[in-house]
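J.: This structure is in structure tokens; I'll ask about it shortly.
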Number of protein chains: 4
Amino acid sequence: MIRFESDYLEGAHPQVLEALVKTNAEQAPGYSEDVYCERAREMIRARFEAPSAAVHFLVGGTQVNAVMIRAILRPHQGVLCAVSGHINAHETGAIEAGGHKVLALPSEDGKITAAAVQAYYDAHWADGSHEHIVQPGMVYISNPTENGTLYTKQELQELYKTCFALGLPLYIDGARLGYGIMAGGDTPAPADYTKYCDAFTIGGTKVGALFGEALVINNHTLAKDFRYLIKQSGGLLAKGRLLGVQFCALMEDDLYFKIAAEADRLALRLRDGFQACGYSMLFESVTNQQYPVLPDALLARLDEKYTYCYWQRVDESHSAVRFCASPFTREEDVDALLADVASLTKNIEAAI
Amino acid sequence: MIRFESDYLEGAHPQVLEALVKTNAEQAPGYSEDVYCERAREMIRARFEAPSAAVHFLVGGTQVNAVMIRAILRPHQGVLCAVSGHINAHETGAIEAGGHKVLALPSEDGKITAAAVQAYYDAHWADGSHEHIVQPGMVYISNPTENGTLYTKQELQELYKTCFALGLPLYIDGARLGYGIMAGGDTPAPADYTKYCDAFTIGGTKVGALFGEALVINNHTLAKDFRYLIKQSGGLLAKGRLLGVQFCALMEDDLYFKIAAEADRLALRLRDGFQACGYSMLFESVTNQQYPVLPDALLARLDEKYTYCYWQRVDESHSAVRFCASPFTREEDVDALLADVASLTKNIEAAI
Amino acid sequence: MIRFESDYLEGAHPQVLEALVKTNAEQAPGYSEDVYCERAREMIRARFEAPSAAVHFLVGGTQVNAVMIRAILRPHQGVLCAVSGHINAHETGAIEAGGHKVLALPSEDGKITAAAVQAYYDAHWADGSHEHIVQPGMVYISNPTENGTLYTKQELQELYKTCFALGLPLYIDGARLGYGIMAGGDTPAPADYTKYCDAFTIGGTKVGALFGEALVINNHTLAKDFRYLIKQSGGLLAKGRLLGVQFCALMEDDLYFKIAAEADRLALRLRDGFQACGYSMLFESVTNQQYPVLPDALLARLDEKYTYCYWQRVDESHSAVRFCASPFTREEDVDALLADVASLTKNIEAAI
Amino acid sequence: MIRFESDYLEGAHPQVLEALVKTNAEQAPGYSEDVYCERAREMIRARFEAPSAAVHFLVGGTQVNAVMIRAILRPHQGVLCAVSGHINAHETGAIEAGGHKVLALPSEDGKITAAAVQAYYDAHWADGSHEHIVQPGMVYISNPTENGTLYTKQELQELYKTCFALGLPLYIDGARLGYGIMAGGDTPAPADYTKYCDAFTIGGTKVGALFGEALVINNHTLAKDFRYLIKQSGGLLAKGRLLGVQFCALMEDDLYFKIAAEADRLALRLRDGFQACGYSMLFESVTNQQYPVLPDALLARLDEKYTYCYWQRVDESHSAVRFCASPFTREEDVDALLADVASLTKNIEAAI
């Protein structure tokens, strides 16, 4: 089987793996207090133009989201996010387990707007019973979103301006940050993440690492005692240098961004190929996740050779599915898939 | 001012107060282990035909909801309820503070259906990623609902049948239970609450008590060690006999139900009076809360003599508001209000 | 039976009850936003010389402790307290249920010292692994303590000075505050509670109210959005005016303090009586709770007419027990008990 | 520097690393649903003679402890453990963050006895106020303990017998399980962990893995829906196969146990060497952690070449410290250290 269902099907990018192998026998203090972690912090600060940001390394995305949100909110506050936001939809209630309500805003494309945040805030404070209602305490977005869509730089600026004015910290889940940054157009650049939010993550797991997310906290108020919180949540890796070594390798010579650019390119080939066969896309994704709407008959045939992620039923005979490009995706596999889609599509049409 | 904004504006029904005064100097063990609590438990078991149910007394509604739900759910489970459900909308995230997500179902009338519960459950278990999603673990309804509407006996039966089949305990928030039971028609009777749910509350605060909610747990599995949970949540009243004395008074000679019936009657007089003046109602309430849609011009004039609860804007010049009848509502105040509404309506119409 | 086991065996002091009866039919807004609560807040501010303190009313002690502590601590912090502290020993883990560890300090007399707090703090920060350990984030004391002992004014000053210097808010659980204030000697006066802590409670339940604790927050930083937290914890009483009315009555003409002084006087009569018969006291209590160490043979005889609270076994034939004086304790019952103790003691001695 | 301060200073055992490298480019489903995890589960079931146990893989020890304990306890329950237990002392309150009190039992050697558990349980249920106290709900031990000591097979049997009789699940934190199993004497064997507890972990991080703990749940009741709980706690690794691959390598040809045996051997050489120089040990450890009590003067000299973990001050001029042997510890480094200790000791003695 050729697998396209997600971007975490393989291990680490060869250069990342090589770095782990090379440093394997070295002795280093535990809990991310080693030289590799320190070097990776410096490289991230330099690349994101964030000379004074706090940088922490955690193992996984649900973990880092839960810790950061728990650090920001007071007990009576909740976190605003799109209804499709990962923390609302796919983390088994990790935020609620930490005591906080996720305040889900309607969203078609996986994004939320400055205006929607402002409106929710205003409605809360205008309500005579607001003390009986969870207070909005921060805003969570993911970029790219769970739909593969992207905030433009201007949208991000506006959102942050509103959040700042309202006293709501803005946190960006960058589980696929690299794929967003390399998507081109009016996309936020690395330094924009330093300027236009209070904290964000640089996802490693889905962009070439074995595992690991770097958390960058721009707002120092939110960084106090942060290692206690990481430890309490079970997120302080004993052999923390594994995270440092990997992020050094990813930041070295912009490997992280090169990996992402290549996967984006292959994903857009997939998109274009599906569209060339006359298929529409569920979301207007410009990143490594693509969501074609396909006939069930076609999917049944593709199942013989390929894997993808089932997303949702669209109508009686069509479904939206997700195909991902990853750091390991090969050009020839994309070729093969698109060739099969084209020929199968003809057969299916002929059969009708 | 004549106040109609809620049903907890006054103290206790005179007979309840008298019972408190009469027993005030008696000595009794604390924490609801006194003879009054025991007697009240027996009276409730008898009246609701629940000879073996566990009965506990707590001070307030948010408290009892939070404790019961926390007792039922495992950490990864959430509680299904209508989007307008009190636990979702007006308890400042008490359920999330206990670690659980509220799984809000769309609802126009404040109710949820057996079919909606079944569909949510089926969708959860059909989702290949269900372990990444909060598992539905129980169902919460309020009866009457926050909109003043009522489940019919048949709706309740169907809902419970579905819940039972799916292994989801059904809990009914009866903050205004009496007003529901006395609303007539095909409304559930006391014994139906024993038959068709796992636990329910008999709200005292809004039906004649100074304060207090009786929690009736029909399903013994859910009752284990329950007093520990009440204590932990700060709900175990030191002078617990206050709750026992009040519920004895309320159950004596069906006082609880008589109070409710009379308030229902006055509320329906309000409804009929508003409708007679040509006003529509936001919800089809048959209980002590009524939600007329009124011209803002009329409300501005009513503000001089009456209070009500602002509910929501309906259009540019109309708002929905809530008028409540309580155990203290007087016929003459209803007369006065309706007379004013009628004459003000004429003036406003004439002015147009 | 004549009951001495606790100070919450009866209802409200007659003047408190009368105030409730008198105001029963009045209409007032809910949730402690009424004129009685406002008046009670002013009376408390005046009496405790705390013109700008925030004052809230909650129903019970476990509830108010849990809310205040949750408001103060960040997730990785714990609360220092004596091992015998109520939050550590008798609240079924309410603090842990809110996510925080209780950091129990050894204590013989129920008190903790400035030196012990300083030492714990220093040891924490000196530990190379302190990020792996719960950080001390505040200090809880009760005054009087659970043993009936009292901090002197000087001890309180020193403790607060240390807490202030270390950045640890000091919270005083005053469930029996009145009994402490009226105990005489070098005891803190009302205004001292305003000066020497960040927040404290004025316990009503055990000093003449039906129920209710006033929470006084001297440190405004800790008071932000506090009503949200109360609501979330199920502590915002719908008919909040019940708390206001009661505290008005208690503050009126110093009733609260007069009640406490009288109970202290009767408790000291008990102490003196027991000592006159040759019995020692487990703790050096100067307040309304007394802990004589008595022969089991004597207790067996007292059981026929009196109740008390069993505390702990002292040796093979002796136990420590608790006798409380309450606002309802009658001089003649104290006379009777002491007479019986004296005569029974003689019989027992004769029998040996 | 030659480092002895812990057993997580290096990367993975070469055979483990090789397995990761070899499988790196393979595609596999995420979240531990791959063939490597399945194979590792089977190998563990076979080696521990637990054919029907549930086996899960998590990244770290604090995480797995928190999840397992949260899965077992109801809200009002706490976990009994030695005061020195990792969950009580060094997990920054992770258990309390999950809502539960750690009920710490006194312990000199890091172990708790069946008798102590029985006594605590009996005292709880004998207390008339037990509903006001956290209920003991399970027992946690670590084996080896944090002191390097070990339960004998008989001690474990007795403890489990008591736990079973009292209805308290017994959970064993095996962060260093291998070092215990290979310590010889009357130590529990692998199959004993299957027979004499409800759940236990097989620590990988400290015994040759890059990271990873296997959780074995013998009691099926506790295993229900467990993957939801892992996901909620942020413990479900996206590239879960990394855990499977590592545990396959560790179980292959008993590598895990061979690694542990060798480190135990070197640690005992350290112990014997220190003792030969006349030094006593703080704890009677028979595993890979050794705690000599050394003169500060000696430590000052050792600091020039070696690292160790400072444990506690013993007297004015002596400290207890921890030296660990790890899967990477070399015989020549042990030789060097012991030679230096011997010669430095002579110098110090001569200097006196």
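Read the figures in this text as sums done on the coordinates, not as results from a lab. Owing to the predicted nature of the structure, the values given are computational and were not obtained by experimental measurement. FYI the Cβ positions are ideal-geometry reconstructions off the backbone, even for glycines, and counts take in every protein chain you see.
J.: Residue C:22: which aspartates and glutamates have alpha carbons under 13 Å from its alpha carbon, excluding same-chain residues fewer than 8 sequence positions away?
T.: Correct list for residue C:22: B:10, B:18.
J.: Under 20 Å from a point placed 7 Å out from the Cα of residue A:265 along the Cα-to-Cβ direction: which residues of the range A:6-27 have their backbone N that close?
T.: Those under the cut-off are A:7, A:13-16.
J.: Be a star and scan the range D:299-316 for residues whose amide nitrogen sits under 18 Å from the point 7 Å along the Cα-to-Cβ vector of residue D:83.
T.: D:311-315
J.: Which of rounded, prolate, oblate describes the range C:1-135, given a ≥ b ≥ c as roots of the alpha-carbon gyration tensor eigenvalues and a/c under 1.5 marking rounded, otherwise prolate only if a/b is larger than b/c?
T.: prolate
J.: Inter-copy label distances at residue A:351, 7 Å along the Cα→beta-carbon direction, one decimal in nm, shortest first?
T.: So the label point of residue A:351 gives 7.1, 8.7, 9.8 nm to the other copies.
J.: Another question about this same structure. Compute the semi-axes of the equivalent ellipsoid of the range C:74-135, taking the square root of 5 times each eigenvalue of the Cα gyration tensor, and list them largest first in whole Å. Provide the component values of the computation, followed by the final result.
T.: Working: eigenvalues 78, 60, 9 Å².
The equivalent ellipsoid of the range C:74-135 has semi-axes of 20, 17, 7 Å.
J.: For the range D:153-301, evaluate the Debye formula with one uniform point scatterer on each Cα (no solvent term) and list log10 I(q)/I(0) at q = 0.10, 0.13, 0.14 Å⁻¹, rounded to two decimals.
T.: One equal scatterer on each Cα of the range D:153-301 leads to -0.47, -0.74, -0.83.
J.: Okay, next question. Which ordering of B:107, B:32, A:52 is given by a fewest-first count of other beta-carbon atoms within 10 Å?
T.: Details: B:107 20, B:32 26, A:52 8.
Fewest-to-most Cβ neighbours within 10 Å comes out as A:52, B:107, B:32.
J.: Right, here's the next one. How long is the gain from residue B:191 to residue B:253 if the chain were fully straight, where each residue apart is worth 0.36 nm and the alpha carbon distance is subtracted?
T.: 20.6 nm
J.: Only helices at least 24 Å long along their own axis, judged from Cα atoms, and with Kyte-Doolittle mean hydropathy of -0.5 or greater: name those in chain C from DSSP H.
T.: Working: long enough: C:255-276 (31 Å, 0.05); C:331-351 (30 Å, 0.16).
Within chain C the helices that satisfy the rule are C:255-276, C:331-351.
J.: Between residue C:272 and residue C:15, what length in nm is gained on full extension when 0.36 nm per residue of separation is reduced by their alpha carbon distance?
T.: Details: separation 257, 0.36 × 257 = 92.52 nm, distance 3.00 nm.
Stretched fully, the residue C:272-residue C:15 segment lengthens by 89.5 nm.
J.: Right, another one. For the modelled label position 7 Å from the Cα of residue A:352 along Cα-to-Cβ, which residues of the range A:288-313 have backbone nitrogen atoms closer than 15 Å?
T.: Flagged as within label range: A:293-299.
J.: Now, a different point. Just which residue of chain A brings its Cβ nearest the axis of rotation onto chain C, and by how many angstrom, rounded whole?
T.: Smallest Cβ distance to the axis, with its residue: A:99, 3.
J.: Also, quick follow-up: Where the label is 7 Å out from Cα toward Cβ, how close does residue C:221 come to the same position in every other copy, in nm, shortest first?
T.: 1.2, 4.8, 4.9
J.: Same structure again: What pairs from A:101/D:111; C:153/C:258; A:153/A:258; B:239/D:224; A:195/C:101; C:101/D:195 go past 30 Å between their alpha carbons? Walk me through the numbers before you get to the answer.
T.: On the way: A:101/D:111 40 Å; C:153/C:258 21 Å; A:153/A:258 21 Å; B:239/D:224 40 Å; A:195/C:101 37 Å; C:101/D:195 33 Å.
Check vs 30 Å cut-off fails for A:101/D:111; B:239/D:224; A:195/C:101; C:101/D:195.
J.: Under the convention of a label 7 Å out along Cα→Cβ, give the distances in nm from residue B:314 to the same position in every other copy, shortest first.
T.: In ascending order, 4.2, 7.4, 8.4 nm.
J.: Tell me which lysines have Cα within less than 21 Å of residue D:346's Cα, excluding those fewer than 8 residues away on the same chain?
T.: Within the straight-line limit of under 21 Å, residue D:346 reaches these lysines: D:305.
J.: Let me ask something else about it. Whose amide H sits under 5 Å from the amide H of residue D:2, counting only residues 5 or more places off or on another chain, with H placed in the peptide plane?
T.: D:306, D:307
J.: So which trypsin sites (Lys or Arg not before Pro) in the range A:267-352 end up in coil per DSSP with only 15 or fewer other C-beta atoms within 10 Å?
T.: A:305, A:330
J.: So if I take the centroid of the Cα atoms in the range C:178-192 and the same for the range A:223-255, what is the distance between those two points in Å?
T.: 53
J.: Pop a pseudo-label 7 angstrom from the Cα along the beta-carbon direction at both residue D:113 and residue B:161 and give the gap in nm to one decimal.
T.: Placing both labels 7 Å beyond Cα along the Cβ direction yields 6.1 nm.
J.: Moving on to the next point. Tell me, how many Å apart are the Cα centres for the range B:298-352 and for the range C:57-87?
T.: Measuring centre to centre over Cα atoms gives 45 Å.
J.: Considering just Cα atoms, how many Å³ per residue does the convex hull of the protein assembly as shown enclose?
T.: Details: hull volume 277.3 nm³, N = 1408.
That works out to 197 Å³ per residue.
J.: Multiplying the sequence separation of residue B:343 and residue B:124 by 0.36 nm and subtracting their Cα-Cα distance, what value in nm do you get?
T.: Details: separation 219, 0.36 × 219 = 78.84 nm, distance 5.49 nm.
Full extension from residue B:343 to residue B:124 adds 73.4 nm.
J.: Taking the inverse of the average 1/r across all pairs of different Cα atoms in chain A, what Kirkwood radius in Å do you get?
T.: On the way: mean 1/r = 0.0473 Å⁻¹.
Hydrodynamic radius (Kirkwood, Cα only) of chain A equals 21.2 Å.
J.: Before rounding to the nearest 500, sum -39500 (n - 2.57) across all DSSP H runs of length at least 4 in the protein assembly as shown and divide by the residue total; then give [θ] at 222 nm in deg cm²/dmol.
T.: That comes out to -12500 deg cm²/dmol.
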